[in-house]
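The values are calculated or read from the model by the stated rules, or taken from the named source; none is laboratory data. If you're wondering where the values come from, they're calculated on a predicted model, not measured in any experiment. All Cβ positions, glycine included, derive from the backbone under ideal geometry; neighbour counts span all protein chains shown. Please note that ligands, DNA and RNA were not included when accessible areas were found on the heavy atoms of the full protein model with its side chains. Shrake-Rupley method; radii C 1.70, N 1.55, O 1.52, S 1.80 Å.
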Amino acid sequence: MREEPSAYRSVRSLVRFVLRRWFRRVEVVGEERLPREGGGILVSWHPNGLLDPALIVAEVPRPVIFGARHGLFRWPLLGTLMKAAGAVPIYRATDVSHLSAEERRAQNQQSLDALALAVAEGGLSCLFPEGDSHDEPHLLELKTGVARFYERACALTPEGAPRPVILPVGLHYADKDSFRSHALVSFHPPLEVAEMDPDASDRYEVLTDRIEEELREVVHATESWEAHYLMHRARKIVLTERAKRAGALSAPPTMSERVLGLAEIWRAYYAGLDAHPEETQLLEAKVRLYDRDLRSLGLDDHELDRSPDRARPLQILGLALQILAVFVLLPPLLVFGVVVNLPAAILLWLSSKVFAKRRKDEATIKVLLGVVLLPVSWGLVGWLAFRGSELLYRLDPALPDARWSAAIVVVSLGMVGGMVALRYLRLLGETLRAMRVRLTRGRRRHALIRLLTERAEIYEGFVDLAAALEPASEGDPAPSGGG
């Protein structure tokens with residue numbers, strides 16, 4: 001294994017620190033599939049700007065060399081970090097119009113040779129074969145650059161050494177441009193790639209199609225966000241109904257469980273469209289109708305199974321304490337947090353709207369600027385508290401000298417208040433939902449019974465579809481995964 005440079009180690013530690021503050025949780029699955037030594041090319045889709053390579057840098061235990069568009073190297077701080085991490089500039093025609101096509105190709109060839117040599121010598125590189133980040137629920141058309149890069153790396157690999165591997169990586173976000181959301185990095189098995197025939201004119205297209213086919217399944221590509229949403233709804237319906245039949249309440253899923261469940265639904269849906277199109281489309285229509293009716297009641301799937309008529313005293317006490325906290329205890333912290341953090345939050349929001357050409361850039365801009373603006377805001381209010389306490393002490397020496405205590409308390413309250421402000425709407429929504437569930441079950445019992453029946457029919461429909469697609473399977477064929 002190649003020795004990890006100290007500069008790269010420092011960059012990775014910084015990236016991990018920032019990501020752990022931006023995301024509530026980052027899950028990693030399939031890490032054992034990463035080669036412990038030898039060359040490899042990680043390939044992934046590109047849905048979230050600079051957060052995509054940042055997650056790979058943070059979660060791959062070996063150094064990863066990236067090819068990045070050269071304009072990013074001119075960004076303050078970011079360019080320094082990219083150079084320290086060993087990133088190699090890639091020159092796009094739209095970014096270097098002052099260069100001739102031959103000059104641009106020559107510079108790109110030099111950059112790609114540097115990347116390929118690093119892989120040939122046993123390193124890891126990461127490429128995004130779409131060539132651009134985007135906001136679609138499916139892949140953009142893949143470029144043949146990965147295939148050409150792979151061929152070049154194989155050619156530079158010393159005789160007798162193993163050929164580099166191509167390893168697909170899935171990047172999944174619960175809400176890609178929201179602070180304190182969840183993310184999943186999923187490493188998949190290396191592709192089985194036959195040795196490329198240098199005389200085959202279509203060798204690059206064949207390998208690119210193979211990579212595209214694999215990535216399409218890795219990211220569970222759909223033709224629209226509506227289809228993507230309906231698949232997630234079907235996943236929640238199946239899990240909740242299964243939990244009810246098992247006599248248990250469905251627990252909140254992890255990101256890996258959500259993606260696993262979506263994968264099963266995705267495969268069943270598209271296989272069903274090919275083999276049983278009418279039944280599959282009817283099932284899709286049922287999911288859409290059930291989702292519409294459930295949302296009209298303001299309920300979630302698992303809430304259909306919880307009867308407030310049989311609520312225990314501890315549950316009632318818990319709801320009462322939740323109401324007390326949300327409506328009485330937290331609002332003062334909320335107000336303080338808003339006062340302290342609102343100027344920075346407004347600047348972050350405006351910057352993301354002004355400088356982000358597409359939605360996928362918003363999170364990147366918020367992360368880069370938030371690392372600077374939020375600590376500056378806290379430091380400013382701490383300084384004001386320090387000077388204010390100092391002024392009071394000078395006016396009345398009988399008062400205790402609490403300059404540092406005041407600064408620390410104000411900064412701490414500003415940070416905590418900021419976290420409360422970010423989560424308050426969610427807590428308020430959960431509290432109102434809990435109150436509404438108790439009222440809804442008493443007043444609209446017939447509608448709830450009908451929804452429970454529809455949910456059971458949808459579950460049975462997926463069971464039947466899975467059985468028709470895999471008649472030899474044993475046990476419950478319904479898809480698995482979180483809600």
**Message:** Just checking, does segment 320-334 include any residue being open to solvent by 30 Å² or more (accessible area, probe 1.4 Å), at pLDDT below 75 and either of a type in the set (S, T, N, Q) or assigned to a helix (DSSP H, G or I) (or both)?
**Reply:** no
**Asked** When you go through Ala155, Ala221, Ala227 one by one, which is the residue that is in a helix (DSSP H, G or I), surrounded by 15 or more Cβ atoms within 10 Å (Cβ to Cβ) and small (Gly, Ala, Ser)?
**Response** Ala227
**Message:** Being surrounded by 15 or more Cβ atoms within 10 Å (Cβ to Cβ) and either modelled with pLDDT under 90 or under 20 Å from Ala221 (Cβ atoms) (or both) is the filter here; which residues of segment 271-282 pass it?
**Reply:** Ala271, Gly272, Thr280
**Message:** I'm checking my understanding of the structure. Among residues of segment 249-258 that are open to solvent by 20 Å² or more (accessible area, probe 1.4 Å) and more than 13 Å from Tyr459 (Cβ to Cβ), which one is farthest from the chain's Cα centre (by Cα)?
**Reply:** Leu249
**Request:** Please state which of the following conditions Val146 fails to meet, knowing it meets all the rest: (1) touching an Asp or Glu at 6+ places or on another chain (Cβ under 8 Å); (2) part of a helix (DSSP H, G or I); (3) not hydroxyl-bearing (Ser, Thr, Tyr).
**Result:** (1)
**Request:** Look through segment 27-47, keep the residues that are assigned to a loop (DSSP other than H, G, I, E, B) and either on the phi < 0 side of the Ramachandran plot or within 12 Å of the chain's Cα centre (by Cα) (or both), and return whichever of them is surrounded by the fewest Cβ atoms within 10 Å (Cβ to Cβ).
**Result:** Arg36
**Fill in**
Going through segment 68-82 in order, the residues found to be without any contact (Cβ under 8 Å) to a residue 24 or more places away in the chain and touching a helix residue (DSSP H, G or I) at 6+ places or on another chain (Cβ under 7 Å) are Ala68, Leu72, Phe73, Gly79, Met82
**Request:** Look at His182 and say whether it is within 30 Å of Arg423 (Cβ to Cβ) and touching a residue at least 40 places away in the same chain (Cβ under 8 Å).
**Result:** yes
**Message:** Among the residues in segment 7-26, are any modelled with pLDDT under 85, open to solvent by 20 Å² or more (accessible area, probe 1.4 Å) and not in a strand (DSSP E or B)?
**Reply:** no
**Request:** Using the structure shown, decide if Leu50 is within 23 Å of Glu130 (Cα to Cα), open to solvent by 20 Å² or more (accessible area, probe 1.4 Å) and under 20 Å from the mean Cα position of the chain (by Cα).
**Result:** yes
**Item:** Selection status of Asp197, assigned to a loop (DSSP other than H, G, I, E, B), in contact with a strand residue (DSSP E or B) (Cβ under 7 Å, 6 or more places away or on another chain), of a type outside the set (A, V, I, L, M) and at pLDDT below 95
**Value:** no
**Request:** Out of the residues in segment 230-248 that are open to solvent by 40 Å² or more (accessible area, probe 1.4 Å) and among the basic types (Lys, Arg), state the one that is farthest from the chain's Cα centre (by Cα).
**Result:** Arg245
**Asked** If the Cβ limit is 7 Å and pairs must be 6+ apart or interchain, which residue in segment 51-63 that is in contact (Cβ under 8 Å) with a residue 40 or more places away in the chain pairs with which residue that is part of a helix (DSSP H, G or I) and charged (D, E, K, R)?
**Response** Val57/Arg12; Ala58/Arg12; Ala58/Arg16
**Request:** Return the only residue of Ala87, Ala118 being modelled with pLDDT of 75 or more, under 28 Å from the mean Cα position of the chain (by Cα), under 21 Å from Val60 (Cβ atoms) and open to solvent by less than 60 Å² (accessible area, probe 1.4 Å).
**Result:** Ala87
**Item:** Selected residue [polar (S, T, N, Q), part of a loop (DSSP other than H, G, I, E, B) and open to solvent by 30 Å² or more (accessible area, probe 1.4 Å)] from Ser178, Ser133
**Value:** Ser178
**Prompt:** Does any residue of segment 369-385 turn out to be free of Cβ contacts under 8 Å to residues at least 24 places away in the same chain, in a helix (DSSP H, G or I), among the aromatic types (Phe, Trp, Tyr) and open to solvent by 40 Å² or more (accessible area, probe 1.4 Å)?
**Reply:** no
**All positions within segment 191-210 that are of a type outside the set (Ser, Thr, Tyr) and open to solvent by 60 Å² or more (accessible area, probe 1.4 Å)** = Glu192, Ala194, Glu195, Asp197, Pro198, Asp199, Asp202, Glu205, Val206, Asp209, Arg210
**Prompt:** Does Ala227 qualify as being more than 30 Å from Pro61 (Cβ to Cβ) and within 19 Å of the chain's Cα centre (by Cα)?
**Reply:** yes
**Spans of helices (runs of 4 or more DSSP H) in segment 48-127 with at least 2 residues under 18 Å from Gly145 (Cα atoms) and in contact with a Leu (Cβ under 8 Å, 6 or more places away or on another chain)** = 101-120
